Amino acid sequence: MIDRKKHIEEILKGGQMFMRKSKVASPVSEKSLTPAQWGVAMYIAPHEGLTTNELAAAFNISGSAATQLINALVEKGFVIRKDHPTDRRSHKLTLSTSSRKQIEDHQKKLTAEMLKLYAVLTDKEFETFAALNTKLLDALKKS
């Protein structure tokens, strides 16, 4: 039987090494955002228009915790609250134009770095890796 714990530790170390060696600057330090704030901004990007309650549910945090994160992002000009069309007590969350561009630029740089990293894999190996990654992500979505 394989030692899954050992392999998982190696996978985690690999991810940490990639982040250290990556030439992509951390957006957290660049933009004075906490890791949690950056994570929320990254989540809002493909889910623009969601409400604070929807964000809280997605992150499994309280509404007040989500509100604190959003308040900080609004103060930093990263997120914009727009009136909800049917619920006066709620707001729709969107990224500011500049933050959307920053996220897109960061994603492009990160993708370029990942392409370099995965260049050591053959097409067949990469397809296998991608299929395994999809399987793991699907399992996470169901849990």
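The values are calculated or read from the model by the stated rules, or taken from the named source; none is laboratory data. Note that the coordinates shown come from a computational prediction; the quantities given were computed from them, not determined experimentally. Positions of Cβ are backbone-derived with ideal geometry, glycine not excepted, and every protein chain shown enters the neighbour counts.
Look through the range 83-103, keep the residues that are surrounded by 12 or more Cβ atoms within 10 Å (Cβ to Cβ) and in a helix (DSSP H, G or I), and return whichever of them is nearest to the chain's Cα centre (by Cα). Spell out the reasoning first.
Taking the range 83-103 as the starting set, the residues that turn out to be surrounded by 12 or more Cβ atoms within 10 Å (Cβ to Cβ) are 84, 90-96, 99-100, 102-103.
With in a helix (DSSP H, G or I) added as a condition, the list becomes 99-100, 102-103.
Numbers: 99: 14, 100: 13, 102: 13, 103: 10 Å.
Within the range 83-103, the match that is nearest to the chain's Cα centre (by Cα) is 103.
Condition first: surrounded by 13 or more Cβ atoms within 10 Å (Cβ to Cβ) and either in a helix (DSSP H, G or I) or at pLDDT 95 or above (or both). Now tell me which residues in the range 69-80 satisfy that.
Selection gives 69, 70, 71, 72, 73, 74, 79, 80.
Mind checking which residues of the range 118-129 are of a type in the set (Ser, Thr, Tyr), in a helix (DSSP H, G or I) and farther than 19 Å from residue 17 by Cβ?
Going through the range 118-129, the residues of a type in the set (Ser, Thr, Tyr) turn out to be 118, 122, 128.
Next cut, in a helix (DSSP H, G or I) only: 118, 128.
Passing the criteria: only 128.
Collect the residues in the range 105-118 that are free of Cβ contacts under 8 Å to residues at least 24 places away in the same chain and of a type in the set (D, E, K, R), keeping them in residue-number order.
105, 108, 116
Look at the range 1-34 and say how many of its residues are of a type outside the set (Gly, Ala, Ser), in a helix (DSSP H, G or I) and at pLDDT below 85.
Filtering the range 1-34 for residues of a type outside the set (Gly, Ala, Ser) gives 1-13, 16-21, 23-24, 27-28, 30-31, 33-34.
Now restrict to residues that are in a helix (DSSP H, G or I): 4-13, 16-21, 27-28, 30.
Next, from what is left, pick out any that are at pLDDT below 85: 16-21, 27-28, 30.
Qualifying residue count, the range 1-34: 9.
Restricting attention to the range 51-68, report how many residues are within 24 Å of residue 110 (Cβ to Cβ) and surrounded by fewer than 16 Cβ atoms within 10 Å (Cβ to Cβ).
2
Give the residue, chosen from 140, 115, 132, that is part of a helix (DSSP H, G or I), over 14 Å from the mean Cα position of the chain (by Cα), within 23 Å of residue 56 (Cα to Cα) and hydrophobic (A, V, I, L, M, F, W, C).
Numbers: 115 fails: within 23 Å of residue 56 (Cα to Cα); 132 fails: within 23 Å of residue 56 (Cα to Cα).
Selected residue: 140, the only one of 140, 115, 132 that is part of a helix (DSSP H, G or I), over 14 Å from the mean Cα position of the chain (by Cα), within 23 Å of residue 56 (Cα to Cα) and hydrophobic (A, V, I, L, M, F, W, C).
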